[in-house]
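The values are calculated or read from the model by the stated rules, or taken from the named source; none is laboratory data. Quick caveat: nothing in here was measured; it's all calculated off a predicted structure. Glycine gets a Cβ as well: all are built from the backbone with ideal geometry, and neighbour counts include every protein chain shown.
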Amino acid sequence: MTAQAKTDLLSLFPEEARAKLTEMGEPTYREQQIFSWLMKGKTYAEMKNLPLSLREKLTETCEWRIPTVQAKQVSQTDNTAKYLFRLADGACVESVLMQYEYGYSLCISSQVGCRMGCRFCASTLGGKERDLLPSEMLGQIIAAQAEAGVKVSHVVMMGIGEPLDNYEHVIRFLRLAAHPARLGLSPRRISLSTCGIVPRILDLAEEELPVTLSVSLHAASDEARSAIMPVNRTYPIGELLAACRRFFERTGRRISFEYTLLSGVNDSEQDAAALASTLRVGLGNMPVHVNLIRLNQVRERQYVGASTAAAARFIAVLGKSGITATLRRRLGADIDAACGQLRRRVASAAEDAAPADPSC
Ligand code: SAH
């Protein structure tokens, strides 16, 4: 006989959680009590206003999906904190907490590893291990808030993984995050970054979830983009930009395009002119913003970041074509801030110290 599967309580909407509690023979007002503790990252055993018997029953029958801090690095220059979070099965993901004038922004992961294969990215080096559950995405926010003693006001889905390759769980996460009985975080304050899975962008356009969409473009032609982003062979730039236009028409949300400047690969003035023309042809009059990203050098990759002068020339050429671009402020430059770097560093250290633990 197999043991009954435990309930992933934190992935449930309030009405689903109340139904579960009713099934357990509990009054529905317990839902509010339990979730006000969960939002603070407290374990079932710590829920002091619940009877001991219920705390024990919850521990026995419900999963615990809020991650624990496995490692933390804090930047000396700007206070950016990078967390390596350990999940219930021992797998690890990263989150980065950044302080801005407007509040705290948390960059979260959506998968353990990634299968998209972008050539400059550390997250994809070991492939994808699994998708994260909605509770594990919420859990990163809850755990970071509890550890740092702050309230996160913005979330960016730019950590490990491709959010649109974990579509159902990500949509549930976004709805849960927005729910007033959970985090009450408006979708407008959440940026979802994608490498460009066209059918899922079209699905997202119909969800009535006005998230901020960021699209990782990184090149102006199909030839150049396919060379650094394998996803482009399935969903070329023309189809991608048509999907972006559709998303804008349905949501009214401006889309930003991410472009990591790689020296000698995509950072010349000709590349900038080609980017402006590709965007105009593909997007017409849609408002466009380009986010230029400095490369975070990844040990296993051969790419080199563009110089500051090359970045300035690139911005100037885009500006002449009427496209605004900003060079993203580089937070946490002294820590392992690039996606997947901390996880890999701890992985290789863990391999040296304890070969029995393959995931962290
Ligand atoms: N899978 C999502 C989220 C990835 S991380 C996506 O592809 O958009 C967020 C951004 O960082 C993406 O634009 C990604 O291409 C970029 N990125 C990945 N590795 C990088 C590196 N080493 N240096 C700079 N940017 C990087």
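Show the residue pairs meeting these rules: Cβ distance below 6 Å; 6+ apart or different chains; first residue within segment 292-307 and in the same structural domain as residue 121 (by TED's automatic domain parsing) and touching a residue at least 24 places away in the same chain (Cβ under 8 Å); second residue among the acidic types (Asp, Glu) and buried (at least 18 other Cβ atoms within 10 Å of the Cβ).
293/258; 306/267
Give the residue, chosen from 136, 168, that is buried (at least 18 other Cβ atoms within 10 Å of the Cβ), away from the ligand (no atom under 16 Å from the Cβ) and of a type in the set (Asp, Glu). Show your work before the answer.
Values: 168 fails: buried (at least 18 other Cβ atoms within 10 Å of the Cβ).
Selected residue: 136, the only one of 136, 168 that is buried (at least 18 other Cβ atoms within 10 Å of the Cβ), away from the ligand (no atom under 16 Å from the Cβ) and of a type in the set (Asp, Glu).
Need a quick list: helices (runs of 4 or more DSSP H) entirely within segment 210-303 having at least 2 residues that are within 14 Å of the ligand (Cβ to nearest atom) and surrounded by fewer than 16 Cβ atoms within 10 Å (Cβ to Cβ).
Working: elements: 222-228, 231-234, 237-251, 269-283.
So the answer is none; nothing clears 2.
For segment 46-77, name all the residues that are outside any strand (DSSP E or B), under 21 Å from residue 143 (Cα atoms) and of a type in the set (D, E, K, R).
Answer for segment 46-77, where residues must be outside any strand (DSSP E or B), under 21 Å from residue 143 (Cα atoms) and of a type in the set (D, E, K, R): 46, 48, 55, 63, 65.
From the list 150, 93, pick out the single residue that is within 26 Å of residue 296 (Cα to Cα) and modelled with pLDDT of 95 or more.
It is 93.
Residue by residue, here is whether (1) surrounded by 13 or more Cβ atoms within 10 Å (Cβ to Cβ); (2) at pLDDT below 95; (3) not acidic (Asp, Glu) holds:
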site: 9; (1), (2), (3): yes, no, yes
site: 29; (1), (2), (3): no, no, yes
site: 51; (1), (2), (3): no, no, yes
site: 57; (1), (2), (3): yes, no, yes
site: 63; (1), (2), (3): yes, no, no
site: 83; (1), (2), (3): yes, no, yes
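Take the conditions touching a residue at least 40 places away in the same chain (Cβ under 8 Å), within 16 Å of the ligand (Cβ to nearest atom) and crowded, with 21+ Cβ neighbours inside 10 Å and apply them to residue 152. Does it pass?
Details: touching a residue at least 40 places away in the same chain (Cβ under 8 Å): yes; within 16 Å of the ligand (Cβ to nearest atom): no; crowded, with 21+ Cβ neighbours inside 10 Å: yes.
For residue 152, the condition - touching a residue at least 40 places away in the same chain (Cβ under 8 Å), within 16 Å of the ligand (Cβ to nearest atom) and crowded, with 21+ Cβ neighbours inside 10 Å - is not met.
I'm told residue 25 meets every condition in (1) part of a loop (DSSP other than H, G, I, E, B); (2) of a type in the set (Gly, Ala, Ser); (3) surrounded by 19 or more Cβ atoms within 10 Å (Cβ to Cβ) except one. Can you identify the failing condition by its number?
(3)
Restricting to segment 1-22, what's the tally of residues that are in a loop (DSSP other than H, G, I, E, B) and of a type outside the set (Val, Ile, Thr)?
Within segment 1-22, the subset in a loop (DSSP other than H, G, I, E, B) is 1-6, 8, 12-13.
Imposing the further condition that a residue be of a type outside the set (Val, Ile, Thr) reduces the set to 1, 3-6, 8, 12-13.
Adding up the residues that qualify gives 8.
Filter segment 10-55 for residues that are over 14 Å from residue 176 (Cα atoms), in contact (Cβ under 8 Å) with a residue 60 or more places away in the chain and of a type outside the set (Gly, Ala, Ser) and give the result.
Scanning segment 10-55 gives 32, 40.
Table: residues versus (1) more than 17 Å from residue 78 (Cβ to Cβ); (2) buried (at least 18 other Cβ atoms within 10 Å of the Cβ); (3) within 11 Å of the ligand (Cβ to nearest atom).
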| residue | (1), (2), (3) |
| --- | --- |
| 92 | yes, yes, no |
| 100 | no, no, no |
| 120 | yes, yes, yes |
| 123 | yes, yes, yes |
| 130 | yes, no, no |
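What are the residues in segment 284-308 that are within 14 Å of residue 218 (Cβ to Cβ) and modelled with pLDDT of 90 or more, if any? I'd like the intermediate steps shown before the answer.
As a first pass, look at segment 284-308 and keep what is within 14 Å of residue 218 (Cβ to Cβ): 290-296, 301, 303, 305-306.
Residues satisfying the conditions are 290, 291, 292, 293, 294, 295, 303, 305, 306.
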